[in-house]
Amino acid sequence: MKEIYQQYQSFIEENMEENAKGALAVRDFLTDKNLTYHGNTIRTLQIPKIFTKEDLDRFRKIVSTTYGIFQKVINTYLEDPSYRNLFPFGGELRDLILTPRGYDSVLPIARFDIFYNEENGDFKFCEINTDGTSAMNEDRVLNLALSKNPAHQYVSQSHTFSAFELFDPWVRTFCEIYATYKKRVEHPHVAIVDFLDGVEIAEFYEFQRRFETAGVTCEICEITQLSYHDHHLYSPTGKIIDAVYRRAVTTDLMQHRAEVRPFLEAFKNEDVCVIGALNTQIVHNKWLFHLLRGEETLSLLTAEERSFVLEHIPKTGLLSGESRDLRNVLSDKNRYLIKPLDSYASKGVYAGIDCTQAEWEAHIRTFGGNTYIYQEYCPPYRTANIDFLEKRPAFQDYSNMTGLYVYNGKFSGIYSRLAGGAVISSQYNERDCATLVLRDE
């Protein structure tokens, strides 16, 4: 792999002008394909991320072990009130989590984000995404854009690569899960639901197209415009919704619960199939990492699973004045980061290594309380790459984040993100890269 990356870098360094023009062509292609985030075209780098078959074998093992642990955690939460009380869910959210989902899968879709060391296979978890798992379209379009990348075209002359197909496998998985739903109908009408204001909807259109190609009627729905009566959930066009592909994250649902009351009532009354049901919040919430390392969870696991958790789940605690470790967090800032207990898209995440001591102490004072956690900082694996859209393009080291897509417990693909800083943030510094698998015999 080092030789292949060196091929990319050498060709780029010897052909800077050609690659600069190629980067502009890629940017224009991404803009034309409406590959944007918060109104801005996605930024990428000149060298794609490449993994080997050996990497994929490791990823399958990671996914299999993690999913097995999560099944135990979710099922124990649903069955054991004492274990349930360890989680920060109360009131209506707890009732929604406990609402029967009506189908077999406890965790239909997820993305496990890890810091993966490509040289030795070691890794640490960053976070777990369940609600709103996304970026399938980014990977698809970024792979298409490689046709305009001179460095990749050059390296492809001597190596064979393949990309992941992330849409059709999810449609098949969705339909397989729905087939276990106790109130299933023969020809279900599917609704992709979210708060559509500000959402990059191109991905939804692609999923809609794939559902309809598979013979399943599908529409994209603003979740606040659904209606519920006569034991049916209705789309804004008046169609009965049989199955929901939920992209609205639980945090947003609870913040806008009055506006999404028809959806919540239909779900609570078990009058619609929601994939995924709100029990996914059990592993989506960032307090999970703290609980995984506690004896109440470790006692549920096999010896292999216990070792897996203690080795790969970073130490996590509540950022409050009562925290026994708070003094260490303040004094040894480079070992920690802080993040909201329940958020997404890297919102509100701060790494001590990126802050002065004064800035770090100010963050601790501002966010200390019951809504923030501190977490052991895991230095990401870094690789050299170049962004030709910078004012002075030059190779530099970027931190790597590897997102493992999980469809009903099966490893299904990879989402690759890189950044120059300690925290990889979709809001500020992220670069998305096409992900490829080396297929050389």
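The values are calculated or read from the model by the stated rules, or taken from the named source; none is laboratory data. Keep in mind that this is a model prediction, so the values were computed, not measured. Every residue, glycine among them, receives a Cβ derived from its backbone with ideal geometry; neighbour counts consider all protein chains shown.
Computed values, structure above
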quantity: Residues satisfying the stated conditions in the stretch 409-436, i.e. modelled with pLDDT of 95 or more and surrounded by fewer than 18 Cβ atoms within 10 Å (Cβ to Cβ); calculated: LYS410
quantity: Which listed residue, of LEU78, LEU142, LEU86, is in contact (Cβ under 8 Å) with a residue 60 or more places away in the chain and buried (at least 20 other Cβ atoms within 10 Å of the Cβ); calculated: LEU142
quantity: Yes/no for VAL406 being out of contact with any Pro (no Cβ under 6 Å at 6 or more places or on another chain) and at pLDDT 95 or above; calculated: yes
quantity: Residue in the stretch 276-287 that is hydrophobic (A, V, I, L, M, F, W, C) and at pLDDT below 95 present; calculated: yes
quantity: Residues located in the stretch 3-56, provided they are among the basic types (Lys, Arg), under 28 Å from the mean Cα position of the chain (by Cα), farther than 17 Å from LEU438 by Cα and assigned to a helix (DSSP H, G or I); calculated: ARG27
quantity: Of all residues in the stretch 316-330 being outside any loop (DSSP other than H, G, I, E, B) and aliphatic (A, V, I, L, M), the one that is modelled with the lowest pLDDT; calculated: LEU326
quantity: Residue check for GLU186: in a helix (DSSP H, G or I), at pLDDT 95 or above, surrounded by fewer than 18 Cβ atoms within 10 Å (Cβ to Cβ) and among the charged types (D, E, K, R); calculated: no
quantity: Selection within the stretch 254-265 - in a helix (DSSP H, G or I) and free of Cβ contacts under 8 Å to residues at least 40 places away in the same chain; calculated: GLN255, ARG261, PRO262, GLU265
quantity: Single match in GLU200, GLU219 (criterion: surrounded by fewer than 18 Cβ atoms within 10 Å (Cβ to Cβ), among the acidic types (Asp, Glu) and outside any helix (DSSP H, G or I)); calculated: GLU200
quantity: Some residue of the stretch 150-164 being touching a residue at least 40 places away in the same chain (Cβ under 8 Å), of a type outside the set (Lys, Arg) and closer than 24 Å to GLY68 by Cα; calculated: yes
quantity: Odd one out for ALA248, checked against (1) surrounded by 15 or more Cβ atoms within 10 Å (Cβ to Cβ); (2) under 21 Å from the mean Cα position of the chain (by Cα); (3) touching a residue at least 24 places away in the same chain (Cβ under 8 Å); (4) assigned to a helix (DSSP H, G or I); calculated: (4)
